[in-house]
Amino acid sequence: VCSMGNSTSRLYSALAKTLSSSAVSQHQDCLEQADSARLDPIDPKDLLEECQIVLQKRPPRFQRNFVDLKKNAASNHRPIRVMQWNILAQALGEGKDNFVQCPLEALKWEERKCLILEEILAYTPDILCLQEVDHYFDTFEPLLSRLGYQCTFFPKPWSPCLDVEQNNGPDGCALFFLKDRFELINSANIRLTAMKLKTNQVAIAQTLKCNETGRLFCIAVTHLKARTGWERFRSAQGCDLLQNLKSITQGAKIPLIICGDFNAEPTEEVYREFSNSSLNLNSAYKLLSPDGQSEPPYTTWKIRPSGECRHTLDYIWYSQHALNVNSALGLLTEEQIGPNRLPSFNYPSDHLSLVCDFSFNQDPDRLL
């Protein structure tokens, strides 16, 4: 590693800066320029190579393919790629979630971080929406900002990560967009309410202008309350988020994309609220089904002491009157996931990443 050229060694110092001291000590002579290079741009290909060096003893990434969903809809602009992912907070993965079939070795942050970055770099999203981010300031903001992203983080007020010994601070939602593609018009951090009470769940909503088309749209990221028995609570949080987004989008005059771990199956009330909202939303991943009406069979699959958990909880909602879904990333198969489920040495989270390519409807004045 240390025989690399000068620019690449500076790059490695940026990545290694967020590793544990024991991992860094193996390559100490490569780290001397870390501070002076901190603000330099990073070539994503170089960062991907560095991640692969760290991961060379792990099995290769799973192969996933995009499914073309265009219905002969011509577009005169580049699609907007949006990635949604609950990346699994490090403190929760190691200290609270009890993935009984996942070896502790597979959860080491020094390597799991590189698996997360590898997944992001493989799909090169224009907009990235993450949940359970507890290494924002020491990993994701420093690296992604140097890849050209504008970064926003909103932590949970009472993050469960803080209950874990040697935690890295609270987890929360994070939103990243490429500054060369979009201009930030407005940003709102939303603490969700339920029954008029402020809750521990949050959302970020940002209005962006697409530099290529001049079109405005709103991107939002959220993470609703987890666990069985909290269905009415999630429903109330969903209603609050929808009310906020109605105001931000001027009643859907501005197109909308909402990414999130809703912790809710499609049978729940909060799902129906989004499906039937006056914002005219559709769930992008329904389009992968033969009839375009069914959600995927799972977006998370894990084994805890209570048993196997296989659920559809993660969604990308969009304004179907104003946006087209050009393609969506296929999910991992049961065979790829394997009998021990997620997370694993192959895959860093218990949730699958969702990725969609969007284009604007060619008739921007089309009515709802």
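A few remarks follow.
- The Gln166 and Lys253 beta-carbon pair, evaluated with R₀ = 45 Å, returns a calculated FRET efficiency of approximately 0.40.
- Heavy atoms of Lys96 accessible to a 1.4 Å probe, total area in Å² rounded to 10: 90
- Inter-label distance for Asn189 and Asp291, nm, one decimal - labels placed 7 Å from Cα along Cα-to-Cβ: 4.4
- Cβ crowding within 10 Å averaged over residues, with 148-161, 285-298 ranked highest first: 148-161, 285-298
- The overall shape of the range 283-368, judged from the alpha-carbon gyration tensor, is prolate: a/c is not under 1.5, and a/b is greater than b/c.
- Accessible surface for the chain, divided over its residues, is 44 Å² per residue with a 1.4 Å probe.
- Residue of Lys302, Lys246, Lys71 that the Gaussian network model of the chain assigns the largest fluctuation, springs spanning Cα pairs under 10 Å: Lys71
- Calculated FRET efficiency for the pair Lys196/Glu335, C-beta based, R₀ 45 Å, to 0.05: 0.40
- Rounded FRET efficiency, nearest 0.05, which uses the C-beta distance separating Ser306 from Phe137 and R0 of 41 Å: 0.75
- Taking Cys356, Cys309, Cys51 in turn, the Gaussian network model of the chain (Cα-Cα springs below 10 Å) assigns the largest fluctuation to Cys309.
- Note on the range 291-333: Cα-Cα pairs beyond 11 Å make up 76% of the total pair count.
- Segment Ser75-Asp180, length gained on full extension (0.36 nm per residue, minus Cα span): 35.8 nm
- Share of carbon and sulfur in the accessible area of the chain stands at 48%, probe radius 1.4 Å.
- Radius of gyration over Kirkwood radius for the chain, both on Cα atoms: the Rg/Rh ratio is 0.95.
The values are calculated or read from the model by the stated rules, or taken from the named source; none is laboratory data. Given the structure is predicted, the values throughout are model-derived calculations rather than measurements. Glycine gets a Cβ as well: all are built from the backbone with ideal geometry, and neighbour counts include every protein chain shown. Please note that ligands, DNA and RNA were not included when accessible areas were found on the heavy atoms of the full protein model with its side chains. Shrake-Rupley method; radii C 1.70, N 1.55, O 1.52, S 1.80 Å.
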